[in-house]
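Inspection log for the structure reproduced underneath, given as structure tokens.
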Amino acid sequence: MTIRQLLETIKTNLPEADTELVELAYNFAAEAHAGQKRSTGDEYIEHCLHTANTLAELKMPLPIIIAGILHDVPEDTSRTLEDIKKNFGADVAKMVEGITKLGRIKYRGIDRYVENLRKMFVAMAEDIRVIVIKFADRLHNLQTLYALPADKQKRIALETLEIYAPIANRLGIGELQGRLEDAAFKYAYPDEFAATEAMIKSSFPQKKKTLANMIRKIKTRLDKDSVNCHEIYGRTKHYYSFYRKLLKYNRDVKQIYDLVAMRIIVENVPDCYAALGIVHGLWRPIRGRIKDYIAQPKPNGYQSLHTAVFGDDQEIVEIQIRTQKMHEQAELGIAAHWQYKEDGKISKKELEWVQELADWLKNIQDNNQFMEGAKIDVFQNRIFVFTPQGDVIDLPDGATPIDFAYHIHTEIGNKCSQAMVNTEVVPLDRKLKNGDVVQIVTDKNRKGPSTDWLDFVKTRTARSHIDNYKNKNWTKFLPKFKK
Ligand code: MN
């Protein structure tokens, strides 16, 4: 990769940008890293350019791209953060400082995992833009992983799948999540990767033909009904997400509808619903597969209409319909706003959970105990359920009404006596599903939580409240002796 190629990418994705500072950053970094080589044998500056190029492809604003070029300068060269600040300003220097602080982690095993997370979340809480640069950096490191010894390959790949990708997912940066996962998959699970690749490659040509025909039919109808359509295209699933789905359905490929899928990008929200109507007029939709994430967005902000239809050639095809803006949100998540807002600041509410986790990680004493909470809370798939007032509550997959109750308020958890899901009374250990409306009935005479709840609660919040109560009132839990 050359500076010319990077400038080309910037021109395509950010036509308005003044790239003079990019060239200066390149010269500065190239000089600082002069003589340094990557383990692939390439000049070190290659890595800086690739990192910046990924950021440009994601349409990140210029200061982030510049910080991407400079990200390894303070750690690996004689140039300092002060030098960067003098030449490129405080904002760029602050981002580079964030990346440098993430640094290299020397621990092993579980301590390494926790230290990694701790650093990531502290950096994110300070400046969320840093994490996107780190993702771009990691992506290029994965792409050049072939040059490293096998044990390092495996470690870096697993770390990506267990830490980086789930954070990208949680931030809604779907595009980077998919790229990171696919690049890491090959090294983390080579056999599974090969099998998945073969499966996708063998069935794709036929499906591609079917899709092309279906796309033609939809286009004709959209035009006829003057629905303003920007783009329709077929796409394969990312390998790793396909593999995960395969595991979910006990490796039965037939159950996976969206091996190939279609995406329709239209002008506005009414066009989305009009397009959905057209699709359902052409092919019969599959019951239970129509999802309106426009009216009910996912907790990470994702919006789209989803459906799956019995399409041509007996193929089941999944279709996503969205506006351009929703599309950017889906690919870039939290980073989508940065194209419009210069300072990269996002609302407090969006970042609440990051700050919460950063604080909690700073204080954690026992790494082993920590693992249980973190893996469950952040790194599982999330579901979203509703209060009777229609507020969205974001919980980990498998959460129960007790988790919901503690999420609302400690006292509601402690005094919970009954739960209603969609107007039906359910057991307190019922696993909640996406879209459930949950109502908690409390009993003010209730003394406190039941320790049995520890057997099924999923969230760290619920568990720690129940534990706390138990510890404070420990005498109650002593075995009762006969007098
Ligand atoms: Mn780097």
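Work out, step by step, the length gained on full extension between SER78 and ARG108: first 0.36 nm times the residue separation, then minus their alpha carbon distance; give nm to one decimal.
7.9 nm
Taking neighbour counts of Cβ atoms within 10 Å as a proxy for exposure, in what order, fewest first, do ARG155, ARG108 appear?
Fewest-to-most Cβ neighbours within 10 Å comes out as ARG108, ARG155.
Determine Rg/Rh for the stretch 382-472; Rg is computed over alpha-carbon atoms and Rh is the Kirkwood hydrodynamic estimate from the same atoms.
Expressed as Rg/Rh, it is 0.93.
Under a point-charge model restricted to the Cβ atoms of Lys and Arg (+1) and Asp and Glu (-1), what is the dipole moment magnitude of the stretch 148-290 relative to its Cα centre, in debye to the nearest 20? Intermediate results must be reported in sequence, preceding the final value.
Details: 26 positive and 16 negative charges, 124 e Å.
I would put it at about 600 debye.
When the chain is fully extended, how far beyond the present Cα-Cα distance does LYS37 get from GLU192, taking 0.36 nm per residue of separation?
52.5 nm
Can you compute the modelled spin-label distance between ILE408 and ASN27, with each label point 7 Å from Cα toward Cβ, in nm?
Using points 7 Å along Cα→Cβ, the separation is 6.3 nm.
Based on the Kirkwood radius over alpha-carbon pairs, what value in µm²/s does the Stokes-Einstein equation return for the translational diffusion coefficient of the stretch 1-144 at 10 °C and 1.306 mPa s?
Estimated via Stokes-Einstein, D reaches 103 µm²/s.
In debye to the nearest 20, how big a dipole does the chain give about its Cα centre with +1 on each Lys and Arg Cβ and -1 on each Asp and Glu Cβ?
1980
How many percent of Cα pairs in the chain exceed 33 Å?
Considering the chain, 47 percent of its Cα-Cα pairs are separated by more than 33 Å.
Dipole of the stretch 191-335 (Lys/Arg Cβ +1, Asp/Glu Cβ -1, origin at the Cα centre): which of LEU282, ILE319, VAL269 lies farthest to the positive side?
LEU282
Quick check on packing: order 166-172, 235-241 by the mean number of other C-beta atoms within 10 Å, highest mean leading.
For the peptides 166-172, 235-241, the packing ranking is 166-172, 235-241.
So, by mean Cβ neighbours within 10 angstrom, what's the order for 321-328, 446-453, 28-35 with the highest one leading? Let's see the in-between values first.
Numbers: 321-328: 19.8, 446-453: 15.4, 28-35: 16.9.
Descending mean neighbour count gives 321-328, 28-35, 446-453.
Mind sorting SER464, SER226 by how few other Cβ atoms lie within 10 Å of their own Cβ, fewest first?
Arranged by neighbour count, lowest to highest, SER464, SER226 become SER226, SER464.
Amide H to amide H under 5 Å from ILE383: which residues, 5+ apart in sequence or cross-chain, H placed 1.01 Å off N in plane?
LEU395, ASP397
Would you work out the relative contact order for the chain, in percent, from Cα pairs under 8 angstrom that are 6 or more residues apart?
10
Determine ³J(HN,Hα), in whole Hz, for all residues of the stretch 152-163 in sequence, where each value follows from phi through the Karplus function 6.51 cos²θ - 1.76 cosθ + 1.60 and θ = phi - 60°; x replaces Gly and Pro.
So the Karplus estimates, Gly and Pro as x, are 5, 4, 4, 4, 5, 5, 5, 4, 5, 6, 8, 10 Hz.
What full-extension length gain, to one decimal in nm, is calculated for ASN363 and GLN296 as 0.36 nm per residue of separation minus the Cα-Cα distance?
On the way: separation 67, 0.36 × 67 = 24.12 nm, distance 3.54 nm.
In short, 20.6 nm is gained.
Output the pairs from LYS59/LYS119; LYS237/LYS431; LYS362/LYS433; LYS106/LYS152; LYS94/LYS186; LYS291/LYS433 with a Cα-Cα distance over 24 Å in this structure; if there are none, say none.
The pairs that break the limit, which is 24 Å between Cα atoms, are LYS59/LYS119; LYS237/LYS431; LYS362/LYS433; LYS94/LYS186.
From the phi angles alone, apply the Karplus equation (6.51, -1.76, 1.60; θ = phi - 60°) to the stretch 300-311 and give each ³J(HN,Hα) in whole Hz, x where the residue is Gly or Pro.
The phi angles translate into 7, x, 4, 10, 4, 9, 10, 8, 10, 10, 7, x Hz.
Where does the Debye-calculated log10 I(q)/I(0) of the stretch 191-335 sit at q = 0.11, 0.17 Å⁻¹, using only Cα point scatterers of equal weight, no solvent?
So the normalised log intensities are -0.42, -1.00.
Which ³J(HN,Hα) values in Hz, rounded to whole numbers, follow from the phi angles of the stretch 180-196 under the Karplus curve 6.51 cos²θ - 1.76 cosθ + 1.60, where θ = phi - 60° and Gly and Pro get x?
In residue order, the calculated couplings are 5, 5, 5, 5, 7, 3, 3, 8, 6, 9, x, 5, 5, 4, 4, 5, 5 Hz.
Given 25 °C and 0.890 mPa s, compute D for the stretch 140-206 with the Stokes-Einstein relation, Rh being the Kirkwood radius over Cα pairs; round to the nearest whole µm²/s.
Values: Rh = 12.6 Å.
Estimated via Stokes-Einstein, D reaches 194 µm²/s.
Each value in this text was obtained by applying a stated rule to the coordinates, not by laboratory testing. What you see is a predicted model, and the numbers here were worked out from it, not measured in a lab. Every residue, glycine as well, gets a Cβ built from its backbone with ideal geometry; the counts of neighbours run over all protein chains shown.
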